[in-house]
Amino acid sequence: MAGVEKPELVTAADEAALEVAFQARVDAETRIEPRDWMPEKYRKFMVRQISQHAHSEYVGMLPEGNWITRAPTLRRKAALLAKIQDEAGHAAYLYSAAETLGTSRDQMLEDLHSGKAKYSSIFNYPTLTWADIGTIGWLVDGAAIVNQVALCRTSYGPYARAMVRICKEESFHQRQGFEIITTLAHGAPEQKAMAQDALNRWWWPALMMFGPHDADSPNSEIAFKWKVKRQSNDDLRQRFVDMTVPQADYLGLTVPDPDLKWNGETGQYDFGAIDWEEFWRVVKGDGLCNRDRLDARRSAHEDGAWVREAALAHAAKKRATKSAA
Amino acid sequence: MTTRKEWPLWEVFIRSRDGLHHKHAGSLHAPDAELAIQNARDLYTRRSEGVSIWVVPSAQITASEPADKDSLFDPAASKVYRHPTFYTIPEEVTNI
Ligand SMILES: [Fe+2]
Ligand SMILES: [Fe+2]
């Protein structure tokens, strides 16, 4: 349910006590719900994280939308359409969850369109070939699943519930992608080369999806304290690598990392250094597609404005006729 | 600049199968009740999750205060005699 009412004002003295009680609830694994008292900093933190997550789902439709009309078969096209529709749904669940904290949908979209709010940098890379669609499902949705499963137990109730729903839907996204790549990797030499090329381009950006090392992630400490997150960026990234490398082996594709090797002692894969300069460059707006993505979102919003207004006017007119009758 | 005139917020309740209660599924924006149901269909039943939908304007919902939780719900905790296990029945008596 939405937080329709403003939280009550409290004095500074009360505030300290409330904050202690809040942390005790978090520590006791009680979910925080919209109308519960929460520190203003927690509220802001959650709005920022949930809206960024929503924006990622929302912008994430664009690279794949690029291939709907060129999907090679009707089966692939139906799957791709269904996946993209799911991503729109994921954005909607998350925007609603953020709205329970007192922000509005319009405010969030404005912050996205102005560039103030961020979204996952992975969506600033282009989808050049059909193999990119398979690779996105396999790696990008695969990485998203690892991140999102970890968030199913996050402390804010509406966010956790949205994550549970989203996780249920993500599995097919990854599997349809893997099926595409399997077909290409076991196909003609040109098809296999296309799959390898896509893996070469998406592997490192996919690893970057888990965010900077925790030591370089200024928000990590407070996120752990509030149980917004429970596993470190590096731990989740390692889990993804360990899950994915055997899949690449199965496909007969080569992960583009000369330092990648199995470590018998740790029971994990060791992998090479991530180019964090590239990561920050793309976050700050200089990726290949940052401008395109924002332009597409802005114009979709602006071009649709008349529809939103007309629907409201129609609803008002219907109400008026009904009350006149 | 776009004008700030949002579609109102609705709470969505879904009956997942005949014979079950409607259960809160989430919320969404829609200009009116009819489109709220359409949007709820697209948003919450893409995989046959429902056979019936209720939509309620979020502003119409009155909720209990979190601060009243203890005074509202604690009294029930001590009334164990409202549960069947409170009562002792001889072992040889069956079907009760
Ligand atoms: Fe998603
Ligand atoms: Fe997905």
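Checking the conditions here, which among A:Glu57, A:Glu29, A:Glu110 is farther than 26 Å from A:Pro212 by Cα, modelled with pLDDT of 95 or more, buried (at least 16 other Cβ atoms within 10 Å of the Cβ) and of a type in the set (Asp, Glu)?
A:Glu110
The single condition from (1) away from chain B (no Cβ under 14 Å); (2) under 25 Å from the mean Cα position of the chain (by Cα); (3) of a type in the set (Lys, Arg) that A:Arg298 fails is (1). Against the conditions (1) in a helix (DSSP H, G or I); (2) within 13 Å of the chain's Cα centre (by Cα); (3) hydroxyl-bearing (Ser, Thr, Tyr), A:Ser171 satisfies every one except (2).
Consider segment A:96-113 and keep the residues that are within 11 Å of another protein chain (Cβ to nearest Cβ) and of a type in the set (Ser, Thr, Tyr). The one that is nearest to B:Arg41 (Cα to Cα) is A:Ser96. Entry remark, segment A:140-169: residues being within 14 Å of ligand 1 (Cβ to nearest atom), buried (at least 18 other Cβ atoms within 10 Å of the Cβ) and away from chain B (no Cβ under 14 Å) number 10 in total. Within segment A:141-161, can one find any residue that is modelled with pLDDT of 95 or more, over 18 Å from A:Met46 (Cα atoms) and in contact with a Lys or Arg (Cβ under 7 Å, 6 or more places away or on another chain)? Yes, that holds for at least one residue. Cβ-Cβ distances below 7 Å connect the following pairs, each with a first residue in segment A:80-95 that is at the interface with chain B (Cβ under 9 Å from one of its Cβ atoms), a second residue that is near ligand 1 (Cβ under 9 Å from one of its atoms) and in a helix (DSSP H, G or I), and a separation of six or more residues or different chains: A:Asp86/A:Glu169; A:Asp86/A:His173; A:Tyr93/A:Ile166. Would you mind finding the one in A:Ala88, A:Ala71, A:Ala97 that is at pLDDT 95 or above and under 26 Å from A:Pro218 (Cβ atoms)? Exactly one residue qualifies, and that residue is A:Ala97. Of all the residues in segment B:60-96, those that are in contact with a helix residue (DSSP H, G or I) (Cβ under 7 Å, 6 or more places away or on another chain) and part of a loop (DSSP other than H, G, I, E, B) number 1. Of the residues A:Glu221, A:Glu179, A:Glu190, the single one that is more than 16 Å from ligand 1 (Cβ to nearest atom), within 22 Å of A:Leu81 (Cα to Cα), out of contact with any helix residue (DSSP H, G or I) (no Cβ under 7 Å at 6 or more places or on another chain) and in a helix (DSSP H, G or I) is A:Glu179.
Every residue in segment A:98-128 that is within 15 Å of ligand 1 (Cβ to nearest atom) and in a helix (DSSP H, G or I), please. Steps first, answer last, please.
Restricting attention to segment A:98-128, the residues satisfying the condition of being within 15 Å of ligand 1 (Cβ to nearest atom) are A:119-120, A:122-123.
Once the filter is applied, which keeps residues that are within 15 Å of ligand 1 (Cβ to nearest atom) and in a helix (DSSP H, G or I), segment A:98-128 yields A:Ile122, A:Phe123.
Does A:Trp204 qualify as being of a type outside the set (Gly, Ala, Ser), away from chain B (no Cβ under 14 Å) and more than 16 Å from ligand 2 (Cβ to nearest atom)? So A:Trp204 fits the description; yes. The residue pairs whose first member lies in segment A:201-222 and is hydroxyl-bearing (Ser, Thr, Tyr), whose second member is at pLDDT below 90, and whose beta carbons are closer than 8 Å, counting only pairs six or more residues apart or on different chains, are A:Ser220/A:Asp214. Within segment A:170-192, being away from chain B (no Cβ under 14 Å) and more than 18 Å from A:Tyr250 (Cβ to Cβ) holds for A:Ala188, A:Pro189, A:Glu190. Being more than 30 Å from A:Asp286 (Cβ to Cβ), more than 12 Å from ligand 2 (Cβ to nearest atom) and touching a residue at least 12 places away in the same chain (Cβ under 8 Å) is a description that applies to A:Ala185.
Which members of segment A:129-168 meet the condition of being of a type in the set (S, T, N, Q) and part of a helix (DSSP H, G or I)? If you could, list the steps in order and put the result at the bottom.
As a first pass, look at segment A:129-168 and keep what is of a type in the set (S, T, N, Q): A:129, A:135, A:147-148, A:154-155.
Correct list: A:Thr135, A:Asn147, A:Gln148.
Those helices (runs of 4 or more DSSP H) of segment A:3-97 in which 2 or more residues are within 16 Å of ligand 2 (Cβ to nearest atom) occupy A:40-59, A:61-65. Taking the conditions (1) of a type in the set (D, E, K, R); (2) surrounded by fewer than 21 Cβ atoms within 10 Å (Cβ to Cβ); (3) more than 13 Å from ligand 1 (Cβ to nearest atom) in turn, A:Asp86 satisfies each one other than (3). Total residues in segment A:144-169 satisfying the condition of being within 11 Å of ligand 2 (Cβ to nearest atom) and free of Cβ contacts under 8 Å to residues at least 60 places away in the same chain: the figure is 3. Scanning segment B:1-59 for residues that are more than 9 Å from every other protein chain (Cβ to nearest Cβ), in contact with a Leu (Cβ under 8 Å, 6 or more places away or on another chain), buried (at least 16 other Cβ atoms within 10 Å of the Cβ) and not in a helix (DSSP H, G or I) yields a total of 2.
The values are calculated or read from the model by the stated rules, or taken from the named source; none is laboratory data. The structure presented is a predicted model; accordingly, all values stated were derived computationally and were not measured. Methodologically, a virtual Cβ is constructed for each residue, glycine included, from the backbone with ideal geometry; neighbour enumeration extends over all protein chains shown.
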